[in-house]
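Derivation of every value follows stated rules applied to the coordinates shown; laboratory data play no part. As the structure is a computational prediction, the values presented were derived from the model and not from experiment. Here Cβ is always computed from backbone atoms with ideal geometry, including for glycine, and neighbour counts include all displayed protein chains.
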Amino acid sequence: MSTQPPLEVLPRDLSAYRAGNTGIPYVHRFDSGKPGPHVLVNALTHGNELCGMVAATHLLDQGVRPAVGILTVSFANVAAYESFDPGKPFASRQLVHNLNRIWSAEQLEGSEDSPELRRARELRPVVDAADHILDLHSTSQEVEPFWVYPNFARNAELALAIGRPSVHLVMPEGLGSGTPVIQHGRHGRADSNAGVALVAECGQHFRQATSDLAVEVTLDFLAYFGQIAPRPFAKTPQRRYQLLQTYVIRTPEFRFTRPVKGFETFAAGELIATDGAQEIRAPEDCTILMPAREAIVGREGVYIARAL
């Protein structure tokens, strides 16, 4: 079991942001009155990923307004966020469902119920209305920040132009364990005229540097679309990975064969983990990302990727 990390950033009271101005709790929309894109900055898809909260409150507290188009700022899973316990800081990721896996029409329009499904249904028109989406996330382990996005040229073009994070995880065939916000509706289709939709994994959940990066990436994103003044983008070497497989944990006995935190490499055929009697082996020379901190049945155990 991993030790508890330092809590450099803690939740703050978000009640002042509840009313918003859209009729949907915790959703704020600002229209420049000038032609331009509709950009959505989405925070707290997971309740304990605090960097998005810091970036979203920065925009609102600093009175950031779009020079063109429309800017929407949303706090997604506030119910999970409000359950945060410093003694169990990973437990407030979700209440029932992973809010970032339920954005298929089948689940949004189905009969199942949970706090996350209710919130996703409430936020659906917000996501549908956006031309471009930045979904702010963080990681349980201390690893280099990275982008995650469907493998469409429009997404890669933005990520490469902004330059930070400098690592990319591209998904040629989706996530493999559900439908995330950035693949909902038109944003998940290659043949549409939809704009970009990306996740920025900004670093370890509770580090101040993670929240600092989330603010900078958010401002970069807005500058890219001309909504705020131009900013100097990073000119750093880029590393790209292609998602090959998402392994979902089947038993409480899921274990890695050696200590991992992410970005470890495995040779073709090498044993990565076991899950009861199941062996998870490297399908080729590969790199793993987002290894689970603990074995929770039904949640992702590891992403297996190839370097591009």
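Once every DSSP H run of n ≥ 4 in the chain is given -39500 (n - 2.57) and the sum is divided by its residues, what mean residue ellipticity at 222 nm do you get, rounded to the nearest 500 deg cm²/dmol?
-6000 deg cm²/dmol
For Glu49, Glu109, Glu8, which order do you get if you count the other beta carbons within 10 Å of each Cβ and list the fewest first?
In increasing order of surrounding Cβ atoms, one gets Glu109, Glu8, Glu49.
Within the set of other residues whose C-beta is less than 9 Å from the C-beta of Cys51, count the net charge using Lys and Arg as +1 and Asp and Glu as -1.
With Lys, Arg at +1 and Asp, Glu at -1, the net is -1.
Assign unit charges at the C-beta atoms only (+1 for Lys and Arg, -1 for Asp and Glu), then state the dipole size of region 263-302 relative to its Cα centre in Debye, rounded to the nearest 20. Can you show the working numbers first?
Values: 3 positive and 8 negative charges, 32 e Å.
Magnitude of the dipole: close to 160 debye.
Between region 117-174 and region 4-83, what is the C-alpha centre distance in whole Å?
When both Cα centres are located, 16 Å separates them.
Considering only Met53, Asn193, Leu117, whose Cα is most displaced toward the positive end of the charge dipole of the chain, charges sitting on Cβ of Lys, Arg (+1) and Asp, Glu (-1)?
My answer, from the dipole projection, is Asn193.
Given 20 °C and 1.002 mPa s, how large is the Stokes-Einstein diffusion coefficient of region 182-304 in µm²/s, with Rh as the Kirkwood radius over Cα pairs?
Estimated diffusion coefficient is 124 µm²/s.
Tell me which of Leu243, Gly276, Leu289 sits at the most positive position along the dipole axis of region 243-307, charges placed on C-beta atoms (Lys, Arg +1; Asp, Glu -1).
It is Leu289.
Give me the percent of DSSP beta bridges within region 166-308 that run antiparallel, rounded to the nearest 5.
Numbers: 18 of 23 bridges.
Taking every DSSP beta bridge within region 166-308, about 80 percent pair in antiparallel fashion.
For Lys88, which aspartates and glutamates qualify as cross-link partners when the Cα separation must be under 15 Å and same-chain residues fewer than eight apart are set aside?
Output for Lys88: Glu8, Glu49, Glu294.
Residues of region 290-308 with the amide nitrogen closer than 18 Å to a label point 7 Å from the Cα of Ala267, along Cα-to-Cβ, please.
307
Filter the chain for me: DSSP H helices, axial length by Cα at least 15 angstrom, mean Kyte-Doolittle hydropathy not below -1.0. List them by residue number.
50-61, 115-129, 208-224
Please report the net charge: other residues with Cβ closer than 10 Å to the Cβ of Gly203, K and R +1, D and E -1.
Result for the local shell: -3.
Let me make sure I get this right: for region 15-224, a, b and c are the square roots of the gyration tensor eigenvalues over alpha carbons, sorted descending. Under 1.5 in a/c it's rounded, otherwise prolate if a/b > b/c, else oblate. Which is it? Please report the intermediate quantities before stating the final value.
Values: a/c = 1.12, a/b = 1.10, b/c = 1.02.
Rounded is the answer for region 15-224, as its axis ratio a/c remains below 1.5.
Give me the dipole magnitude in Debye, nearest 20, for region 15-224 about the Cα centre, with unit charges on the beta carbon: positive for Lys and Arg, negative for Asp and Glu.
340 debye
Of the beta bridges DSSP finds with both residues in the chain, what % are antiparallel, to the nearest 5?
Roughly 50 percent of the DSSP beta bridges within the chain come out antiparallel.
Separation of region 212-238 and region 244-265 by C-alpha centroid, Å?
Each part reduced to its Cα centre gives a spacing of 33 Å.
For Val96 and Glu294, FRET efficiency with R0 = 22 Å and r from the beta-carbon atoms, rounded to 0.05?
Rounded to the nearest 0.05, the efficiency is 0.75.
Only bridges whose two residues both fall in region 105-244 count here: according to DSSP, what percent of them are antiparallel, nearest 5?
Working: 3 of 18 bridges.
Here the antiparallel bridges make up roughly 15 percent for region 105-244.
Once the other residues with Cβ under 13 Å from the Cβ of Ser74 are scored (Lys, Arg +1; Asp, Glu -1), what is the net sum? Can you show the working numbers first?
Values: positive: Arg18, Arg29, Arg119, Arg124; negative: Glu122, Asp128, Asp135.
Net of charged neighbours comes to +1.
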